[in-house]
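A short worksheet on the structure shown next.
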Amino acid sequence: MEARAVLRTAVTDDWRRWIGENLLMGSDPASIHRAMTDAGIAPKEAEVEINAAMASPYLRASERLHARLAKRDWMLESISKLRRMHPDAKTVERRHRISRDEFLREFYSQSKPVIITGMMDDWPAMEKWSLDYFAAQVGEREVEVQFGRTSDPNFEINGPKHKRKMRFGEYIDMVRAAGVTNDFYMTANNSGHNKQAIRELWQDVIQIPEYLKGEDPSEGFFWLGPAGTITPFHHDLTNNFMAQVMGRKRLKIAPSWDLSLMNNFHHCFSLVDGRDVPAAPHPAFEQPQILECILHPGEILFLPVGCIHFVRGLDITVTVSFTNFVFDNDFSTFYTTYHHL
């Protein structure tokens, strides 16, 4: 009987990087060896590669860097532990028309989310905006929208691939008839094209000089979608205002100091599925603290830089967002890990 050749997996540089990463993360060499042999690598070859990695001076140098990062994680974990002691740590506060000084002292400089009420009461948009109004005002304009999201598990990361241009009135009809879906959504990623197309709508938004600089609200971002739209867990590179004009949105928010617990894997995105993660009032220390809130029309949510948040539309929703705070909001110029996580 003819003997069959045993197919062996070759040890590539990808495997070597995997070995090094797991050794740095403290994995037992025996468990690394098992994983490699289970994948088809010859036991002796796996042993040689693991031993070579453990003896490498490059890995020794990396261990020092790893120790520095572990120290930084310890400090963040200590801050997380202290923050959870605050009496209001389990909720997103609602505050009515707080002053600029209060906002800076209690929230902006403390990286603490807050829902602010009463600051949109004079917006014509709160009375005028509806799907019918949009169709009548700018329905013939060409707009850009995200499409085909449900077929792509990484629809946000691959956002440029999902852009489609169409008549705004056609998109409005789709939103009106959609029911609950995440397949299409007009987001901030479409604002570059849409700013001119919907310029008249921004006349219905009044700038908020108490917190924001500049006189042109059209510098903001416009979001419109059906019930069921999802923005997966991610963090922004700036502080952010979400001003809710139509419909409701449910948010889950993890503070920035729990970033290491949120499995941040690519740029600003997390592998944690926001549809499943519970908002536990007393999470175990190794679990992120998830705050949950519903943003209603007429409310503004302050989202601090670095806090990871998940957003789901509960109704047909329209949101406008802003980053032009009167306070320093430059955190992106020293952000360097766009493609390294």
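The values are calculated or read from the model by the stated rules, or taken from the named source; none is laboratory data. No experiment lies behind these values; they were computed from the predicted model shown. Reconstructed Cβ throughout: ideal geometry from the backbone, glycine too, with neighbour counts over all protein chains shown.
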Output for Cβ contacts, cut-off 6 Å, separation at least six or different chains, first residue in a loop (DSSP other than H, G, I, E, B) in segment 191-211, second buried (at least 18 other Cβ atoms within 10 Å of the Cβ) and at pLDDT below 95, reads V205/P217; Q207/P217
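Going by the structure shown, is A177 under 26 Å from T117 (Cα atoms) and out of contact with any helix residue (DSSP H, G or I) (no Cβ under 8 Å at 6 or more places or on another chain)? Explain how you work it out, then say what you get.
Values: under 26 Å from T117 (Cα atoms): no; out of contact with any helix residue (DSSP H, G or I) (no Cβ under 8 Å at 6 or more places or on another chain): yes.
The answer is no for A177.
The rows are residues; the columns are (1) out of contact with any Phe, Trp or Tyr (no Cβ under 7 Å at 6 or more places or on another chain); (2) over 30 Å from L261 (Cα atoms); (3) not acidic (D, E).
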site: A10; (1), (2), (3): yes, yes, yes
site: M25; (1), (2), (3): yes, no, yes
site: D28; (1), (2), (3): yes, no, no
site: S31; (1), (2), (3): yes, no, yes
site: R34; (1), (2), (3): yes, no, yes
site: K44; (1), (2), (3): yes, yes, yes
site: A53; (1), (2), (3): yes, no, yes
site: K71; (1), (2), (3): yes, no, yes
site: P87; (1), (2), (3): yes, no, yes
Could you grab me the full set of residues in segment 170-211 that are over 22 Å from K249 (Cα atoms), surrounded by 17 or more Cβ atoms within 10 Å (Cβ to Cβ) and over 26 Å from the mean Cα position of the chain (by Cα)? A197
Among the residues that make up segment 157-171, is at least one of them touching a residue at least 24 places away in the same chain (Cβ under 8 Å) and among the polar types (S, T, N, Q)? no
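What are the residues in segment 284-328 that are among the acidic types (D, E), in a loop (DSSP other than H, G, I, E, B) and at pLDDT 95 or above, if any?
D315, D328
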Do any residues in segment 104-128 that are of a type outside the set (D, E, K, R) have Cβ atoms under 6 Å from those of residues that are part of a helix (DSSP H, G or I) and surrounded by fewer than 13 Cβ atoms within 10 Å (Cβ to Cβ), where the two are at least six apart or on different chains, and which pairs are they? none
Among the listed residues S62, S78, S31, S27, which satisfies the condition of being in contact (Cβ under 8 Å) with a residue 40 or more places away in the chain and of a type in the set (S, T, Y)? S62
